[in-house]
Amino acid sequence: MGTKQLYIETYGCQMNEYDTDRIKNALDAEPTDDPKNADIIIVNTCAIREKADQKAFSSLGKYKSIKANDPNVIVGISGCVAQLYGDKLLKKIPHLDFVLGPRAIPKLPDIISNIERKKRRTVETSYDIEELFEVEPYHQEGKVTAFVSVQQGCNKRCTYCIVPKVRGDEVNRPLDDILRETTSLVNKGVREITFIGQTVNSWKENGYKFGDLIRAAGEIEDLNRIRFTTSYPRDITKRMIDAMRDVPQVCHHLHLPVQSGSNKVLKGMKRTYTREWYVDTINRLKDAIPDLTVSTDIIIGFPGESDQDFEETMSLMREMEFESSYSFKFSPRPGTVAAEYSEDETVDPDLASARLTELQAYQKEITSTKNKNRVGLIEKVLVEGESRNDPEFLSGRTDHNRILNFKGSKDLLGKTVKVKVTEGLLNSLRGKLVV
Ligand code: SAM
């Protein structure tokens with residue numbers, strides 16, 4: 001397989017980026033940026049919202065002519081859309097060779113060689129894959145940040161969410177396995193690890209809890225930064241907060257999706273906490289880590305969301321002043337409880353769009369004020385590479401997860417440096433290296 005060229009397109013969350021790197025490693029193929037040069041083309045998909053679904057289909061359409069020109073090119077779909085629609089995809093897309101669910105990545109090499117030998121189109125969407133974590137991700141030389149998966153699937157049952165259906169129930173990765181992968185990445189030059197899982201802080205194994213995982217990772221030599229995402233509010237425990245406070249490598253930024261500020265909506269979503277409980281949890285975290293910054297996710301237009309409910313979300317936004325937020329219009333997903341609500345509970349799409357615009361405008365104001373307030377401060381930055389927009393600048397992130405660009409020598413890659421903030425923009429900071 002060694003000389004094969006792989007082109008892979010990725011949609012969705014960090015979990016999918018991680019899976020893309022696992023696919024690259026599983027196939028031991030050479031990644032290419034041009035699908036026309038590829039022997040294998042894969043679209044790794046996300047099913048969280050309908051739009052993401054559609055993107056995957058239109059993306060696959062692009063490869064029809066490549067396959068028509070060279071029938072030996074193998075075209076596949078992986079990820080959550082693959083899991084959701086299974087063999088229907090083979091019927092719908094005649095130039096597709098395989099459909100691979102997110103749990104089936106370890107089976108990919110066999111699938112490819114079967115297709116090559118027998119020219120048989122394949123669907124692999126089984127949940128019962130042994131050695132779920134067997135394939136580790138491809139690591140690009142020189143990269144100083146990396147994800148490590150600690151968990152697959154999800155045991156929560158948020159009524160809007162398709163994840164448990166497409167990624168199965170929660171399976172936690174053994175502690176030793178996580179530490180081994182982390183250490184191996186650190187030995188390759190990685191200095192910052194982000195542990196990933198759908199509800200990462202519900203991780204547990206053999207009596208160990210998430211706080212113990214953080215403490216164990218804190219013992220790894222040369223690992224300078226530990227992040228994790230996505231945390232679930234109800235799984236924030238004293239043990240976890242204590243570990244976040246005690247382990248110096250833990251970054252002081254937490255992504256904690258709240259979804260709504262209305263208790264009525266939270267109940268409809270089956271989020272299992274109230275607004276008051278969420279606020280109290282953030283307060284407990286900030287008591288332990290006073291400079292902690294928090295970002296969140298919000299869903300607008302969940303069925304039955306009234307003007308009053310939306311106002312409660314806005315009042316929570318004002319109360320919490322989140323560092324940043326990802327906000328989405330509710331998208332009904334097949335097979336979820338929230339897709340079954342009656343029509344009169346559906347929020348008018350124009351009204352939902354107007355609410356989303358209002359919320360996002362408010363968030364922009366807050367984020368930009370917070371960034372401006374950093375001017376004059378000295379931040380510690382892990383240098384990740386050149387700035388995307390200007391190769392004259394280096395780019396890294398602060399402890400609080402803000403992007404900070406500054407001029408400096410490329411030798412600083414992978415180092416943690418001090419940078420004085422000179423400008424606060426909406427999506428990033430600019431600064432000057434402190435020598
Ligand atoms: N597992 C994480 C959790 O529950 O917090 C993250 C799941 S998802 C990849 C990221 C975000 O997408 C969620 O926090 C939620 O705000 C949003 N989302 C999930 N399902 C959605 C839906 N049906 N419609 C709109 N947004 C959705």
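Computed from the coordinates by the stated procedures, all read-outs in this text should not be read as laboratory data. From a predicted model like this one, the values you see are computed outputs, not experimental measurements. No Cβ is skipped: glycine too gets one built from the backbone with ideal geometry, and neighbour counts run over all protein chains shown.
Of note:
- Gyration tensor verdict on the range 50-116 (Cα atoms; rounded if a/c is under 1.5, prolate if a/b is larger than b/c, oblate otherwise): oblate
- Centre separation in Å (Cα based) which lies between the range 256-270 and the range 407-421: 41 Å
- Coil-residue GluC sites (Glu not before Pro) of the range 193-241, DSSP, other Cβ within 10 Å capped at 11: Glu219, Glu221
- The Kirkwood hydrodynamic radius of the chain, based on inverse pair distances between different Cα atoms, is 23.2 Å.
- Evaluating 6.51 cos²θ - 1.76 cosθ + 1.60 at θ = phi - 60° for every residue in the range 301-315, the Karplus couplings come out as x, 4, x, x, 5, 8, 4, 4, 4, 5, 4, 5, 5, 5, 5 Hz, glycine and proline recorded as x.
- Across the range 1-83, C-alpha contacts under 8 Å between residues 6 or more apart give a mean separation that, scaled by the residue count, equals a relative contact order of 33 percent.
- Value of relative contact order over the range 165-245, rounded to a whole percent, pairs C-alpha under 8 Å and six or more apart: 36 percent
- Residue-span extension gain [Tyr326 to Lys88] - 0.36 nm each, minus C-alpha spacing: 82.5 nm
- P(r) of the range 1-142 over all Cα-Cα pairs, binned every 10 Å from zero, in whole percent: 12, 47, 36, 5, 0
- Gap separating the Cα centres of the range 160-204 and the range 1-79, nearest whole Å: 23 Å
- Qualifying chymotrypsin sites (Phe, Trp or Tyr not before Pro) in the range 62-164, DSSP loop, other Cβ atoms within 10 Å at most 14: none
- Cα-based convex hull, the range 287-338, per residue volume (Å³, whole number): 111 Å³
- Residues with amide H under 5 Å from that of Thr296, placed H, sequence gap 5 or more: Leu256, Ser324, Ser325, Tyr326
- Rg(Cα)/(2.2 N^0.38 Å) for the range 125-241, N = residue count: 1.07
- Remark on Thr194: its backbone amide H falls under 5 Å from those of Ala146, Phe147, Val148, Arg227, a criterion applied only to residues 5 or more positions apart or on other chains, H modelled at 1.01 Å from N.
- Total formal charge among the other residues, if their Cβ is under 11 angstrom from that of Glu305, Lys/Arg +1 and Asp/Glu -1: -3
- Here the Karplus curve 6.51 cos²θ - 1.76 cosθ + 1.60, taken at θ = phi - 60°, turns the phi angles of the range 245-258 into couplings of 6, 7, 8, x, 6, 5, 6, 8, 9, 10, 9, 10, x, 9 Hz, with x standing for Gly and Pro.
- HN-Hα J in Hz across the range 317-323 - Karplus 6.51, -1.76, 1.60, θ = phi - 60°, x for Gly and Pro: 4, 5, 5, 8, 6, 4, 4
- For the range 332-392: rounded, prolate or oblate by the Cα gyration tensor [a/c cutoff 1.5]: prolate
- Residue with peak Gaussian network fluctuation, the chain [Cα springs, cutoff 10 Å], from Pro303, Pro334, Pro233: Pro334
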